[in-house]
Amino acid sequence: MNEADITLRDSRSDAKSYRVCKVDLLCPYCGFYSPAEGPVPTMKSALVVCHRCHEAVMLQAANVLTPGSPVLDYYPKKLPTVDPFVPNDIADDYLEAQRCFSAGACMDVL
Ligand SMILES: [Zn+2]
């Protein structure tokens, strides 16, 4: 999942005392492209709950979370996994590389 995999569909106050946003995202927990919905505690961030697995994902925008505005970042990142049959030394290197890519630490090298 990357920021381009998140589509903000709606962000409004409805009848609640706080803003609610509805998004479609590639969930970092269940791995499915799913609708999610949740409160917008600040103008730049939202906490949405995946409709499929009911886990929460935090979204961050540059200015205001509105439909069409890009999502700058999200948390948590998808936890990398490796097949148990991969040798440990190779698996450790692979998992470390995946963590570096998800944190954006390797972007300057490419
Ligand atoms: Zn999910």
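The values are calculated or read from the model by the stated rules, or taken from the named source; none is laboratory data. Since the structure is predicted, the reported quantities are computational estimates derived from the model, not experimental observations. Every residue, glycine as well, gets a Cβ built from its backbone with ideal geometry; the counts of neighbours run over all protein chains shown.
Of the residues Leu65, Leu47, the single one that is touching a Pro at 6+ places or on another chain (Cβ under 8 Å), surrounded by 14 or more Cβ atoms within 10 Å (Cβ to Cβ) and within 25 Å of Arg12 (Cβ to Cβ) is Leu47. The strands (runs of 3 or more DSSP E) found wholly in segment 9-110 and carrying at least 1 residues that are in contact with a His (Cβ under 8 Å, 6 or more places away or on another chain) and modelled with pLDDT of 90 or more occupy 33-40. All of Gly31, Gly38 fail the test of being out of contact with any strand residue (DSSP E or B) (no Cβ under 7 Å at 6 or more places or on another chain) and not aromatic (Phe, Trp, Tyr), apart from Gly31.
Of the numbered criteria (1) within 16 Å of the ligand (Cβ to nearest atom); (2) of a type in the set (D, E, K, R); (3) touching a residue at least 60 places away in the same chain (Cβ under 8 Å), the one Asp24 fails is (3). Considering only segment 38-55, I want to know if a residue exists there that is touching a residue at least 40 places away in the same chain (Cβ under 8 Å), within 12 Å of the ligand (Cβ to nearest atom) and not acidic (Asp, Glu). No, there is no match, as no residue in segment 38-55 is touching a residue at least 40 places away in the same chain (Cβ under 8 Å), within 12 Å of the ligand (Cβ to nearest atom) and not acidic (Asp, Glu).
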